[in-house]
Amino acid sequence: MPECGFRRRMLPRAELGASLPELVILAFLVAVGLLGGVSAAQHATLRHRTEQTKKELRLIYRALMGDPAVDTFGFVGDLGELPARLEHLVVSGEYPAYTTSGHVLGVGMGWAGPYLAKTPEDVRLDEFGRAYSFDRDGDGQLRSSGADGLFGTRDDIVFPPSGSMCKGTLHVDVSGAGTAPVTVIVYGSSAGVESQRFASERPFVFEQVPLGLHVVEIRRGTGPESSQLSRKLVPLRDGSAFVAFRLPGERSEAPTP
């Protein structure tokens with residue numbers, strides 16, 4: 001008598017699907033792949049933000065110190081000091097407006113910004129959204145805490161690497177004055193207002209002079225009875241500058257054959 005019902009057909013393994021261990025391994029491999037993709041994307045984002053922060057630091061430094069290529073002295077040249085806050089590169093705050101009126105030889109002084117095309121909030125934050133460290137009372141160095149958000153670690157972004165140089169030394173040589181006393185006056189900007197520095201003893205060396213355009217004046221004698229002899233415009237940019245005056249009456253040296 002034939003058997004009734006259905007006979008079980010054994011399916012090949014390929015048709016049964018994956019086993020539980022195989023599914024676990026597959027899920028693990030997918031997770032690793034996803035994590036690898038996320039990690040690569042994160043690294044690319046961090047690299048991009050790091051490079052953008054470096055570019056921004058260079059722009060801020062140029063706004064502070066000027067650009068030799070176009071013969072500007074930036075904020076420091078106009079105001080004679082570093083800003084109290086980076087926001088002052090885009091808003092004037094308490095600084096007086098830029099003017100040439102009433103200044104010796106018409107040298108301009110005062111706030112001539114904005115020195116950057118940014119908002120006050122943007123100029124103080126790096127591309128990671130964190131505030132820069134700005135050594136206003138030191139050498140003016142700019143620092144970002146980098147990707148980890150911690151200052152003093154290896155990923156800090158610093159510009160310039162060796163520190164800023166916002167002040168320099170001005171050397172003035174005066175010849176032909178004989179034995180008569182001579183006074184040297186250096187005019188420059190102090191918080192946007194014209195200031196004066198005096199020296200009446202040789203060598204005439206003025207230290208800690210803010211970078212920028214200065215007027216050097218030579219006067220015969222000292223005090224209110226002194227008389228003006230000569231003036232020169234002197235740019236101070238790379239840490240030091242030298243200017244020489246030959247006063248009237250000095251005999252010229254014969255040229256070397």
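The values are calculated or read from the model by the stated rules, or taken from the named source; none is laboratory data. All of these numbers come straight from a predicted model, not from anything done at the bench. All Cβ positions, glycine included, derive from the backbone under ideal geometry; neighbour counts span all protein chains shown.
Any residue at all in the stretch 104-127 that's within 16 Å of Lys55 (Cα to Cα) and assigned to a helix (DSSP H, G or I)?
yes
Summed over the stretch 128-145, the residues that are of a type in the set (Asp, Glu) and outside any loop (DSSP other than H, G, I, E, B) give a count of 0. Would you confirm whether any residue within the stretch 75-85 is surrounded by fewer than 14 Cβ atoms within 10 Å (Cβ to Cβ), farther than 17 Å from Asp135 by Cβ and either of a type in the set (D, E, K, R) or without any contact (Cβ under 8 Å) to a residue 12 or more places away in the chain (or both)? No, every residue in the stretch 75-85 fails to be surrounded by fewer than 14 Cβ atoms within 10 Å (Cβ to Cβ), farther than 17 Å from Asp135 by Cβ and either of a type in the set (D, E, K, R) or without any contact (Cβ under 8 Å) to a residue 12 or more places away in the chain (or both).
Here Arg219 fulfils each of the conditions (1) farther than 21 Å from Val76 by Cα; (2) surrounded by 12 or more Cβ atoms within 10 Å (Cβ to Cβ); (3) out of contact with any His (no Cβ under 8 Å at 6 or more places or on another chain); (4) modelled with pLDDT of 95 or more apart from (4). Restricting attention to the stretch 66-88, and to residues there that are assigned to a loop (DSSP other than H, G, I, E, B) and on the phi > 0 side of the Ramachandran plot, which single residue is modelled with the highest pLDDT? Here the answer is Gly80. Selection of the stretch 146-166 for residues being aromatic (Phe, Trp, Tyr) and in a loop (DSSP other than H, G, I, E, B) yields only Phe151. If you go through the stretch 94-103 and keep only what is surrounded by 13 or more Cβ atoms within 10 Å (Cβ to Cβ) and part of a loop (DSSP other than H, G, I, E, B), you end up with Tyr95, Pro96, Tyr98, His103. Determine, yes or no, whether Val91 is of a type outside the set (Phe, Trp, Tyr) and in contact with a His (Cβ under 8 Å, 6 or more places away or on another chain). Here the answer is no, as Val91 does not meet what is asked.
Looking at Val158, Val172, which is the one that is of a type in the set (A, V, I, L, M), in contact with a strand residue (DSSP E or B) (Cβ under 7 Å, 6 or more places away or on another chain) and farther than 27 Å from His43 by Cα? Sole residue among the options that is of a type in the set (A, V, I, L, M), in contact with a strand residue (DSSP E or B) (Cβ under 7 Å, 6 or more places away or on another chain) and farther than 27 Å from His43 by Cα: Val172. The set of residues in the stretch 139-167 being among the polar types (S, T, N, Q) and at pLDDT below 90 consists of Gln141, Ser162, Ser164.
A count restricted to the stretch 63-91 and to residues that are charged (D, E, K, R) and over 21 Å from Gly188 (Cβ atoms) stands at 2.
Looking only at residues in the stretch 174-202 that are surrounded by fewer than 13 Cβ atoms within 10 Å (Cβ to Cβ) and small (Gly, Ala, Ser), the one that is modelled with the lowest pLDDT is Gly178.
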